[in-house]
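What follows is a short report on a single structure.
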Amino acid sequence: MALKLFVFVVLLILLFCLGFGVPYAIGTVCMVVLVMNNGFADFPFHTLAQKVVNSGNSFVLMAIPFFLLAGKLMNTGGITNRIFRFCNTVIGWIPGGLGHANVLASVVFAGMSGSAVADAAGLGSIEIKAMEDAGFDKGFSAAVTAASSTIGPIIPPSIPLIVYACVASNVSVSNLLIAGIVPGILMAIGLSIAVYIISVRRHYPKMPFPTLRQIWDDFRKAVLSLLTPVILIGGMLSGVFTATEAAVVSAVYAFILTVFIYREVKLSQLWGIIIETARESAGILFIVCISNMYGYLLTRAQIPALLVKAVSGFTTSPVVVLLILNVIFLIIGCFMDANAAILILTPAIWPLITAVGIDPTHLGLVMVLNLMIGLLTPPVGMCLFTVSRVANLPLEQMIKSVLPFYIPLLACLLLVTLFPSLVLFVPGLLA
C-alpha cells in the first residue's frame, strides 16, 4: 500500500518536475501501477478501457469546445474592447478608475468565456495599454489584469466547474455554475477594494465623471455584447436550457455578433479559430480520459479509503477538513494545470467529503477558487506568465506587483470556505 501511494503521488510530482506534459505524466504513473499489479495478471483491462472511453463520451463535456469557441470569437471580434470602454465610462471616475474598469470588464467577460487565460489574453493587451496611457504603473496594470482574470472560471460559464461536474457524483451542472455568482462578485469587490487603497496611496488618476451622453453612446455600442452573460445566466436560471445548450447558444450568438453585426471577424478567419478551439478542446478531453484511468486505479488501490481513515482519526469536522483541503489545493494549484488537478483530486477525496458531510457543490467552488489562485503563483501560474508576456514585463516584477492582490483573493476563499451559504444561496433559490 505504501509503495503504491508513493507511485501515485511522488512519481507523479517527479514527472511534472521533469517537464512531462500533464496527460503523459498521468499515463506513465498508470502504466507503472499496472506493471506493479502482478505483471498485468488477472486485471480487468476491458473495464479500464470502457471507463477511459466512456469518460470522454459525455454530454456535459460538449460544453467545453463551444464555450472556448465563443471566447475566441469574442476576443477576435472586438467585443472585449467595447466591454472595457463601457466599464471605464461607468466606473472610471472612482479613485483608481481604470483599475476598477479592469475588474468589472473581467466580471462581464467571465459571463462569456469561462476561462481565466482567455480573459488574461483577450482583455490584457487592451487594459494594460489603456492604464499605462492614463498614468498607471505597468506592474500595477498587469497585476490587476492577472488577478481579475481569475474571476473568469468562477462566474458562469466555467470550464473547470464543468470538468468537476464530470467526475463528481450527483452534481447538477447548472446548479454548480450558478453557485459561482456570489463568490465571483465577492472576488470582484475584494479586488476593487485593493485597487482603491493602492490607487489612493500612489495617487493614481481617475477619469472625469461621464455625461449621460457618454454613458449612452458607450452603452449603445456595447449592449449586444453585454447581453451575452444575461442570455446565458438568465437561460440557465429560468431552466430554458442546460449548461451544454447554453454553450451552444453562446457560440452561435458570438458568431452572429462578430461576423454579421460587428463584421470584425472575416469568414476566412473562422477556420483558424475553429482549429485552435479543436486543439484546446482535444487537449482537455485527453486529460479527462487519462485522469479517469488514474482515478479508477487510485480507487482500486484503496487510496481514498486510506485517506478517509487517516483524516477521520484526526477530525470529522467539515470545516477543519475543508481548511486542510484548502492547503492541499493551494499547493497543488501552484504546480499543476487546474483541469488536471480537479480530475486527479476529486476521485481521491470524494469518499472523505462524503463521510464528513461536505456539500459537493460547495467543494467544487472551493476547489476551483483555490486552483485559480494557483494560476497567479509560480512555477506554473498560467495567468502570471500570460500577462507577463502580454505586458512585456519581467516575471520577477510581475510576481512582486501581484502580491497585494493575494490578500483579497485569500480573504474571499476563507469566506467561501467558512460560509457555505455564500455558494449554495443561489442554487437554493432555483430549488
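Read the figures in this text as sums done on the coordinates, not as results from a lab. The shown structure was predicted, so the numbers you read here are calculated from the model rather than taken from an experiment. Note: ideal-geometry Cβ built from the backbone for every residue, glycine included; neighbour counts use all protein chains shown.
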Treating cross-link reach as a plain straight distance, find the aspartates and glutamates whose alpha-carbon is under 20 Å from the alpha-carbon of K400, omitting any fewer than eight places away in the same chain. E127, E132, D137
When K72, K206 are ranked with the fewest other C-beta atoms within 10 Å first, the list becomes K206, K72
Using a Cα-Cα cut-off of under 25 Å, which lysines could be cross-linked to K72, ignoring same-chain neighbours fewer than 8 residues away? K129, K221, K266
Report, as a whole number in µm² per second, the diffusion coefficient that Stokes-Einstein gives for the chain at 37 °C and 0.692 mPa s using the Kirkwood radius over alpha carbon pairs. 147
Please compute the volume of the convex hull spanned by the alpha-carbon atoms of the range 83-140 and report it per residue in Å³. 73
Over the alpha carbons of the range 304-371, what is the largest minus smallest coordinate on each principal axis, giving the biggest first in Å? 31, 21, 17
Calculate the length of the line joining the C-alpha centroid of the range 42-83 to that of the range 297-340, in whole Å. 26
Given Cβ charges of +1 for Lys and Arg and -1 for Asp and Glu, the option among S401, M236, S169 whose Cα lies farthest towards the positive end of the dipole of the range 44-430 is S401
Return the calculated 222 nm mean residue ellipticity for the chain, to the nearest 500 deg cm²/dmol, obtained by summing -39500 (n - 2.57) across DSSP H runs with n ≥ 4 and dividing by the residue count. -24500 deg cm²/dmol
Expressed as cubic angstrom per residue, what is the convex hull volume of the alpha carbon set of the range 231-371? 145
Gain upon complete extension [N392, V319; 0.36 nm per residue less C-alpha separation]: 22.1 nm
As I understand it, the dipole of the chain uses +1 on the Cβ of Lys and Arg and -1 on the Cβ of Asp and Glu, about the Cα centre. Which of I275, L363, S106 lies farthest toward its positive end? S106
What lysines sit close enough to K51 to cross-link, taking a C-alpha to C-alpha distance under 30 Å and skipping anything fewer than 8 places away on the same chain? K4, K309
Relative contact order, percent, the chain [alpha-carbon distance under 8 Å, six or more residues apart]: 25
Given C-alpha coordinates of the range 156-311, what is the ratio Rg to Rh with the Kirkwood estimate of Rh? 1.08
For the range 360-431, using Cα atoms only, the Rg and Dmax in Å read 15.3, 49
DSSP H helices in the chain with Cα extent of 30 Å or more along the helix axis and mean Kyte-Doolittle hydropathy at least -0.5? 181-202, 212-238, 267-300
